[in-house]
Amino acid sequence: MRKPLPALVPLLLAGALAGCASLTASGVLTAASLDPLTTDPALLTAGVGMDEALHLRSGDVVLRLAYAPAAQPEAAIAEEFRLEIKADDSGPAGAASVVAEPGERIHLARIAAVDLDRARSAQQRITALKQTSEGRGELTISVVGGCLARPLPAQMRLRTFLRTTPAGPFVRMTETADVLALLPPQDAASLRQRLTACPPERR
């Protein structure tokens with residue numbers, strides 16, 4: 001697996017938020033009501049809004065579902081899923097879309113159909129383990145790739161969204177004016193170096 005880019009998308013549910021992105025009021029309610037162990041993985045869609053300079057494709061975003069018993073430092077169960085990505089060039093606001101702001105590109109990410117059985121198996125195994133061992137569960141989403149259609153700006157706004165039902169609205173989970181400012185200087189510099197120009201067909 002490619003080495004993840006440094007905490008580019010700080011969306012972490014069923015645990016603490018990664019990084020220091022601001023959790024919105026609606027995001028607090030959604031995170032509190034979401035049970036990663038009972039929500040059908042096929043119903044989860046994450047939305048990532050970032051500068052249109054950055055392009056993502058399927059495999060560039062990874063979802064990790066894990067559970068660590070209290071007595072163990074490492075997760076006893078951990079599964080990672082490379083999500084399917086599609087750019088959402090949505091127009092009017094609606095239940096199925098997120099409206100991009102000027103200069104922003106929205107990417108929608110879902111667990112691929114071929115991975116749904118593995119995701120459900122992970123849910124079942126974690127549920128069984130929780131019955132015998134207290135611990136901490138997490139559902140994280142991170143970026144592991146991407147390319148640039150043009151140079152990355154000095155500041156990069158980031159918004160994350162989540163939808164848990166096919167006909168439901170996307171709820172804005174987190175928002176930060178400059179995700180690069182949340183990173184340690186060395187990670188921000190590494191991020192800029194590792195993001196290279198997109199091939200012509202992806203610009």
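Descriptive notes on the structure:
- Simple spin-label estimate for Ala42 and Asp117 in nanometres, 7 Å along Cα-Cβ: 1.3
- Long-range HN-HN contacts of Val61 with modeled amide H, under 5 Å: Leu83, Val144
- Highest mean packing comes first when the peptides 106-114, 182-190 are listed by Cβ atoms within 10 Å, giving 106-114, 182-190.
- Cα gyration tensor shape for the stretch 116-203, rounded if a/c is under 1.5, else prolate or oblate: prolate
Bear in mind these aren't lab numbers, they're just calculated from the coordinates by the rules spelled out. Note that the coordinates shown come from a computational prediction; the quantities given were computed from them, not determined experimentally. Methodologically, a virtual Cβ is constructed for each residue, glycine included, from the backbone with ideal geometry; neighbour enumeration extends over all protein chains shown.
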